């Protein structure tokens with residue numbers, strides 16, 4: 001059973017077990033074709049990108065030394081923002097996935113890379129690589145799905161707390177790197193445990209995270225402003241670092257929202273992964289992800305997570321090859337009559353935010369509300385927010401009937 005199988009229009013109902021296994025073999029063949037041709041040009045790509053990113057950051061920080069002059073402030077801030085996005089998205093994220101481990105270069109290896117982010121790479125690799133990618137969109141298993149603070153599926157029982165989830169989502173976007181750090185620590189769960197009963201693992205993780213945050217904040221908000229102080233540019237440099245970090249947070253959050261939250265992306269129940277074969281795992285990745293259409297610059301700045309479907313099917317392949325395999329993967333979708341969820345960045349982001357808002361409200365509330373019955377619906381929402389479970393259940397039944 002999966003949450004998607006409760007839908008009236010089940011996108012996999014027409015597939016037999018044999019067809020799913022055959023589809024898995026076809027996807028594995030695509031993966032093998034990349035492994036067989038991986039080589040010097042791929043290595044040259046990541047090395048050139050890292051070099052470009054570092055020169056861009058260095059040049060931007062140099063420009064900020066003269067940031068009393070508005071053109072240099074703008075150039076330095078924009079350059080620093082782009083450099084930070086590149087380091088996190090196309091470089092750090094993908095290096096830590098092990099996409100470049102085959103090069104045997106200790107400087108570009110998942111075991112040694114430490115990124116420009118609040119959360120330590122070791123914590124991120126556990127929560128992202130081991131948990132999120134294995135349990136993609138499985139309710140109660142994939143904590144990336146709403147980062148434990150949002151309602152992301154109609155089957156989740158509505159509570160008045162969820163009315164605030166659009167607000168929480170905005171806050172999360174602004175401080176995304178710190179939200180990820182808290183999520184990696186499972187902070188919400190661990191803070192409920194009495195201090196003297198918290199595990200040694202959590203305490204060590206919290207200490208490492210605080211050290212990393214201190215290091216990052218010292219670099220951006222103390223060291224570089226102090227370097228700019230003799231040039232009279234300490235405050236503009238501080239402002240530029242704040243703008244660059246917040247912009248990177250919003251961009252990263254938006255790309256991730258587009259990859260897993262738009263309408264049409266499937267959510268699964270825990271029971272769906274019991275006895276799951278590799279082919280069924282492929283199928284879950286296919287239906288639990290969404291792409292963003294666009295040009296080469298968008299793909300680069302998104303860390304090629306604009307090819308989120310291909311990334312989730314092949315998380316260990318070089319990100320620069322996703323554009324190459326995407327048409328082949330889409331052909332597999334079409335062959336087996338599966339929905340390939342894709343769209344422009346504005347469309348996918350709008351769809352994701354619509355879903356966040358829709359699910360912050362009781363099921364059917366938004367769909368059944370019209371200008372004519374709006375006063376009644378608002379009154380019902382107030383009663384559901386202030387009443388007990390019985391009140392919510394009774395009004396929900398009426399909303400379900402109206403929506404149907």
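Which residue, of 191, 139, 131, is closer than 19 Å to residue 270 by Cβ and out of contact with any helix residue (DSSP H, G or I) (no Cβ under 9 Å at 6 or more places or on another chain)?
Just a single option satisfies the conditions, and that option is 131.
From the list 189, 203, pick out the single residue that is part of a helix (DSSP H, G or I) and more than 27 Å from residue 261 (Cα to Cα).
Testing whether each residue is part of a helix (DSSP H, G or I) and more than 27 Å from residue 261 (Cα to Cα) leaves just 203.
Inspect all residues belonging to segment 230-250 and state whether any of them is surrounded by 15 or more Cβ atoms within 10 Å (Cβ to Cβ), at pLDDT 95 or above and part of a loop (DSSP other than H, G, I, E, B).
There is at least one residue in segment 230-250 that is surrounded by 15 or more Cβ atoms within 10 Å (Cβ to Cβ), at pLDDT 95 or above and part of a loop (DSSP other than H, G, I, E, B).
Return the residues of segment 268-280 that are without any contact (Cβ under 8 Å) to a residue 60 or more places away in the chain and within 14 Å of residue 134 (Cβ to Cβ); say none if nothing qualifies.
Passing the criteria: 274, 276.
Can you tell me which residue within segment 1-24, out of those that are surrounded by fewer than 12 Cβ atoms within 10 Å (Cβ to Cβ) and assigned to a helix (DSSP H, G or I), is modelled with the highest pLDDT?
Going through the qualifying residues, I end up with 18.
Looking only at segment 72-94, decide whether some residue is surrounded by 19 or more Cβ atoms within 10 Å (Cβ to Cβ), in a loop (DSSP other than H, G, I, E, B), in contact (Cβ under 8 Å) with a residue 60 or more places away in the chain and assigned by TED's automatic domain parsing to the domain that holds residue 60.
no
Regarding residue 223, is this residue part of a loop (DSSP other than H, G, I, E, B), surrounded by fewer than 17 Cβ atoms within 10 Å (Cβ to Cβ) and either at pLDDT 95 or above or in the same structural domain as residue 77 (by TED's automatic domain parsing) (or both)?
no
Say whether the condition of being outside any helix (DSSP H, G or I), surrounded by fewer than 17 Cβ atoms within 10 Å (Cβ to Cβ) and free of Cβ contacts under 8 Å to residues at least 12 places away in the same chain is met by at least one residue in segment 49-66.
no
So which residues in segment 309-329 are farther than 14 Å from residue 28 by Cα and either part of a loop (DSSP other than H, G, I, E, B) or not assigned by TED's automatic domain parsing to the domain that holds residue 261 (or both)?
318
Any idea which of (1) surrounded by 19 or more Cβ atoms within 10 Å (Cβ to Cβ); (2) in a loop (DSSP other than H, G, I, E, B) is the one residue 98 doesn't satisfy?
Among (1) surrounded by 19 or more Cβ atoms within 10 Å (Cβ to Cβ); (2) in a loop (DSSP other than H, G, I, E, B), residue 98 violates only (1).
Out of 289, 306, 266, report the one residue that is part of a helix (DSSP H, G or I) and surrounded by 16 or more Cβ atoms within 10 Å (Cβ to Cβ). Lay out the reasoning, then the answer.
Numbers: 289 fails: part of a helix (DSSP H, G or I); 266 fails: part of a helix (DSSP H, G or I).
The unique qualifying residue is 306.
Out of 168, 158, I need the residue that is buried (at least 18 other Cβ atoms within 10 Å of the Cβ), more than 22 Å from residue 118 (Cβ to Cβ), in contact (Cβ under 8 Å) with a residue 12 or more places away in the chain and in the same structural domain as residue 246 (by TED's automatic domain parsing). Which one? Before the answer, list the steps.
Working: 168 fails: more than 22 Å from residue 118 (Cβ to Cβ).
Unique residue meeting the criteria: 158.
Looking at (1) assigned to a helix (DSSP H, G or I); (2) in contact with a helix residue (DSSP H, G or I) (Cβ under 8 Å, 6 or more places away or on another chain), can you tell me which one residue 217 breaks?
In the conditions (1) assigned to a helix (DSSP H, G or I); (2) in contact with a helix residue (DSSP H, G or I) (Cβ under 8 Å, 6 or more places away or on another chain), residue 217 misses (2) alone.
The values are calculated or read from the model by the stated rules, or taken from the named source; none is laboratory data. Bear in mind the structure is a predicted one, so any value in this text is a computation, not a measurement. Virtual Cβ from ideal backbone geometry, glycine too; neighbours counted across all protein chains shown.
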